[in-house]
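Notes follow once the structure below has been shown.
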Amino acid sequence: MPKPKPTSSASSQVSYRSLRVLLVDDNQNMRIILNEMLRAVGVTYVFEAANGAEGFQLMHEHKFDVVITDFVMQPLNGIEFVRLIRTDPRSPDPEIPVVMITGHSTISRVSAARDAGVWLAHVSTDFVFDGQAQRPYDEFDAPRPLGSYARSKRAGELLLAEVGAAHALVRLQGLYGRGGRNFVSTLLQRLREG
């Protein structure tokens, strides 16, 4: 069966310039990375909060189009934050779309996110492939994880579909961190180059 052809880049057809994003994560490095990625695709209105309580307060001060939040935070975790948005009578926008980011997909987390009505972005790895291909892998290639790390990431990917959570997989080729060549710096460079 032939593989589907990727469609043209959505960023070349849609402007994200007026999109207002609330980014909630207790890890400052992740906020920096996600903020840079959003800006690289044209998002200019990104507001940041270090936890769910701060995020909920910002929602009272500003109008947002989407919330991107981490799962594991203190003092209010991502699920508690989403429940506050969805059910608290003081919530300014109970229907706002929410994307939750996690690299640790367990059945309890995935089920909780599904039940809270969020869209999960699962951070995985290119190690789910065996490295035997003679060309770059794409999203239609069959995974063949070899090590325990790769098998655990693949299990998380499969769990998302099994539980029925709305989701996307983000398979990183390299680690991220300040300085040097890494996944994020490479992605940002390519986005800037078009």
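Projecting the Cα atoms of Gly55, Met37, Ser91 onto the charge dipole of the stretch 17-105, computed from C-beta unit charges around the Cα centre, puts Met37 farthest toward the positive end. Checking every one of the trypsin sites (Lys or Arg not before Pro) in the stretch 69-131 against DSSP loop status and a limit of 11 other Cβ atoms within 10 Å picks out Arg90. Annotation: amide H of Arg20 within the under-5 Å range of Asp65, Val66, sequence separation 5 or more or interchain, hydrogens built in the peptide plane.
Rolling a 1.4 Å probe over the protein chains gives Arg31 an accessible area of about 30 Å². Here the Karplus relation 6.51 cos²θ - 1.76 cosθ + 1.60, evaluated at θ = phi - 60°, turns the backbone of the stretch 140-152 into coupling constants of 9, 6, 6, x, 9, x, 9, x, 5, 4, 5, 5, 5 Hz, with x for every Gly and Pro.
The values are calculated or read from the model by the stated rules, or taken from the named source; none is laboratory data. Bear in mind the structure is a predicted one, so any value in this text is a computation, not a measurement. Using ideal geometry, Cβ is built from the backbone for each residue, glycine included, and neighbour counts are taken over all protein chains shown. Surface accessibility is based on the protein's heavy atoms, side chains included, excluding ligands, DNA and RNA. Shrake-Rupley method; radii C 1.70, N 1.55, O 1.52, S 1.80 Å.
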